[in-house]
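Please read the structure below before turning to the comments.
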Amino acid sequence: MPIRVQSLACAALLALGAALASGATAQPGTTAPPGTASSDKASHWPSKPVTLVIPYPPGGTSDIVGRQLADRLREELGQTIVVENKAGAATAIGATAVAHAAKDGHTLLLSAGSTFTVAPHLNDKLQYNLNDFAPVAPVSATPFVLVVRKDFPARDLREFAAYAQANPGKVNNATNGQGGLGHLLGELVATGLGVQLTQVHYRGAVPAALDLISGIVDSNIQALTNAVPAVNAGQYRALAVLSAERQPLLPQVPTFKELGYPQIVGDAWYAVFAPAGTPKPVLDKLGAAIRKITGSARFGAAMRKIGNQAQTGTPEQLRELTLQQSRRWGDLIRQHGIEAE
């Protein structure tokens, strides 16, 4: 009997020591409440600077959006947010780095929608997939607009469609790169209008826009952010926006939807993803902070200033959006036999 009493006492002491070491308050005969360890992870996160990886070079729309978000997250979380541009391979370099990062919430990805909705259909050697990530929250969307050179014979979308139908393949539409979202949107417009456009691929938005200004190409599906200054300066003309509603920065330009083409809708969007396996309490805390930011009037105004629209939503909504658009762009890519450059 004395031996058994001694063993029970030792066991109780060991249990008490373990409870104290884990930060819980334990009493003899009790155990720590379920979820205490998980809650602890959220309360101590972020315990060091958080890196927000942007898979594009500095200076573009994604970079501006990411830095705006990082500034606000610093205020919300009380921790340094380091923006790191990891560009290349159609966002695959940055996405791969985050997919293989520590699953502790201190490395995040500001993903473009194309990272998960377009790239996987064009590259079967990607070192990441959607299941490597935990969707956190949407951040913003970039509307697009069909623009034409200033001396193009069509003055509106109806005339553009009629001209293209009468001259199949003779309208040269600039894209920002073969297999990129601009290319897909160009094919979406052509298919929706029932016309044949010749897609002319450039290495980026700037050279495409310069050749449009010079009159070398006829049209371009351009991000509103880039189009507004040139349209306002009269360097080229806007015929229709691909968003569901008219845009405040180009209020006189109608939507494809109101002109009778409801299927011609598309945008670029940005959202935050974390490595899969990141503790749920950390994801919940991060998601709540992002939704507070993106739902604020301050962030909404900052996005409108650069031609973007603030977006907010849950992880479930973000995942569903990603899967839905992946199906959509995958179908279009197969229909037109589109390949990566």
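The values are calculated or read from the model by the stated rules, or taken from the named source; none is laboratory data. Treat the numbers as computed from the prediction; the structure is a model and nothing was measured. Every residue, glycine among them, receives a Cβ derived from its backbone with ideal geometry; neighbour counts consider all protein chains shown. With ligands, DNA and RNA removed, areas are computed over all heavy atoms of the protein, side chains included. Shrake-Rupley method; radii C 1.70, N 1.55, O 1.52, S 1.80 Å.
Values computed for the structure shown
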item: Which numbered condition residue 162 fails, given (1) touching a helix residue (DSSP H, G or I) at 6+ places or on another chain (Cβ under 8 Å); (2) open to solvent by 10 Å² or more (accessible area, probe 1.4 Å); (3) of a type in the set (A, V, I, L, M, F, W, C); (4) in a helix (DSSP H, G or I); result: (1)
item: Residues satisfying the stated conditions in the stretch 284-341, i.e. of a type in the set (Phe, Trp, Tyr) and touching a strand residue (DSSP E or B) at 6+ places or on another chain (Cβ under 6 Å); result: 299
item: Conditions (1) modelled with pLDDT of 95 or more; (2) open to solvent by less than 50 Å² (accessible area, probe 1.4 Å); number of the one not met by residue 324; result: (2)
item: Residues of the stretch 194-224 classified as surrounded by fewer than 21 Cβ atoms within 10 Å (Cβ to Cβ) and either small (Gly, Ala, Ser) or not in a loop (DSSP other than H, G, I, E, B) (or both), total; result: 13
item: Pairs with Cβ under 8 Å, 6+ apart, first in the stretch 188-200 and under 9 Å from residue 264 (Cβ atoms), second of a type in the set (Ser, Thr, Tyr) and surrounded by fewer than 20 Cβ atoms within 10 Å (Cβ to Cβ); result: 192/261; 193/261
item: Qualifying residue in the stretch 256-278 (condition: in contact with a Gly (Cβ under 8 Å, 6 or more places away or on another chain), assigned to a loop (DSSP other than H, G, I, E, B), more than 30 Å from residue 229 (Cβ to Cβ) and hydroxyl-bearing (Ser, Thr, Tyr)); result: yes
item: Evaluation of residue 307 against (1) at positive phi; (2) surrounded by fewer than 14 Cβ atoms within 10 Å (Cβ to Cβ) (one fails), failing number; result: (2)
item: Residue under evaluation residue 229, criteria (1) closer than 19 Å to residue 156 by Cβ; (2) open to solvent by 60 Å² or more (accessible area, probe 1.4 Å), criterion not met; result: (1)
item: So residue 297, is it open to solvent by less than 70 Å² (accessible area, probe 1.4 Å) and either more than 27 Å from residue 102 (Cβ to Cβ) or without any contact (Cβ under 8 Å) to a residue 60 or more places away in the chain (or both); result: no
